[in-house]
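The values are calculated or read from the model by the stated rules, or taken from the named source; none is laboratory data. These numbers were taken from a predicted model, which means no experiment stands behind them. Cβ atoms come from the backbone with ideal geometry, glycine included; neighbour counts cover every protein chain shown. Each accessible area value is taken on the protein alone, full model and side chains, heavy atoms only, with ligands, DNA and RNA left out. Shrake-Rupley method; radii C 1.70, N 1.55, O 1.52, S 1.80 Å.
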Amino acid sequence: MGNDKLTLIQALKFARHDFLNELQLILLYIDLGKLPEAKQKIMETTDAMRQVAMLERLGLPAVETWLVTFDWMYSVFPKTITSAITSGIREADDEAVAAYLEQVFCIAEKMVDPTSDYEAQIDVKATSTSWSITVTVDGAMDQMLAAPEVTGDFSVEEIISQNQWTFTIRGR
């Protein structure tokens with residue numbers, strides 16, 4: 001989907017679709033008599049929702065929106081997200097950080113091998129004085145282009161290795 005913006009209706013449709021998929025999987029486990037698997041799926045789903053809800057503490061609403069809609073905008077990179085966030089006053093330009101992330105992942109999306117599978121692990125950390133978002137993509141990303149030049153009050157770091165790309169953006 002790239003850098004297209006989601007409308008509110010589209011976002012609600014995606015969220016509803018994802019939620020129904022989770023419910024159907026739980027129902028399938030129950031129908032098959034696999035109650036431990038159904039319980040485990042419920043626990044995984046509620047934990048994932050908790051992680052996403054915690055993003056509000058970051059205090060960067062445009063970045064929060066980018067993170068929450070990541071799966072829908074960049075479907076080639078199914079994601080898992082973890083967050084450990086302490087609320088604080090952020091100095092970073094929220095819109096500039098979100099726009100930068102969008103630029104980077106539009107480039108990344110163009111570099112994927114259509115015959116390969118990818119997974120993204122997003123780790124969001126924040127103290128009262130600083131924050132960081134680390135995205136680790138497992139998959140054939142060996143030919144990733146350099147990230148765009150940083151023009152905001154944040155920094156970036158990239159590590160590219162065999163079948164893994166790690167991108168970290170951080171600020172105050």
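A compact table of results
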item: Selection from the stretch 26-57 of residues that are open to solvent by less than 60 Å² (accessible area, probe 1.4 Å), of a type in the set (A, V, I, L, M, F, W, C) and more than 14 Å from D71 (Cβ to Cβ); result: I26, A38, M54
item: Search result, residues across the stretch 2-24 that are aliphatic (A, V, I, L, M) and either surrounded by fewer than 11 Cβ atoms within 10 Å (Cβ to Cβ) or at pLDDT 95 or above (or both); result: L8, I9, L20
item: Every pair of residues 6+ apart whose Cβ atoms lie under 6 Å, when the first sits in the stretch 98-122 and is under 13 Å from V137 (Cα atoms) while the second is of a type in the set (D, E, K, R); result: E119/D138; A120/K79; I122/K79
item: The listed residue being modelled with pLDDT of 95 or more, acidic (D, E) and in contact with a helix residue (DSSP H, G or I) (Cβ under 9 Å, 6 or more places away or on another chain), out of E64, E56; result: E64
item: Within the stretch 75-109, considering residues that are acidic (D, E) and open to solvent by 50 Å² or more (accessible area, probe 1.4 Å), the one nearest to the chain's Cα centre (by Cα); result: E95
item: The stretch 1-29, residues that are of a type outside the set (S, T, N, Q) and outside any helix (DSSP H, G or I); result: M1, G2, D4, K5, L6
item: Those helices (runs of 4 or more DSSP H) lying entirely in the stretch 30-74 with at least 1 residues more than 16 Å from the chain's Cα centre (by Cα); result: 35-54
item: Candidates T151, T129, T134, filtered to the one that is in contact with an Asp or Glu (Cβ under 7 Å, 6 or more places away or on another chain) and either part of a helix (DSSP H, G or I) or polar (S, T, N, Q) (or both); result: T134
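Residues checked against (1) more than 22 Å from R16 (Cα to Cα); (2) of a type outside the set (V, I, T):
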{"position": "R57", "(1), (2)": "yes, yes"}
{"position": "W66", "(1), (2)": "no, yes"}
{"position": "D71", "(1), (2)": "no, yes"}
{"position": "T86", "(1), (2)": "yes, no"}
{"position": "M111", "(1), (2)": "yes, yes"}
{"position": "K125", "(1), (2)": "yes, yes"}
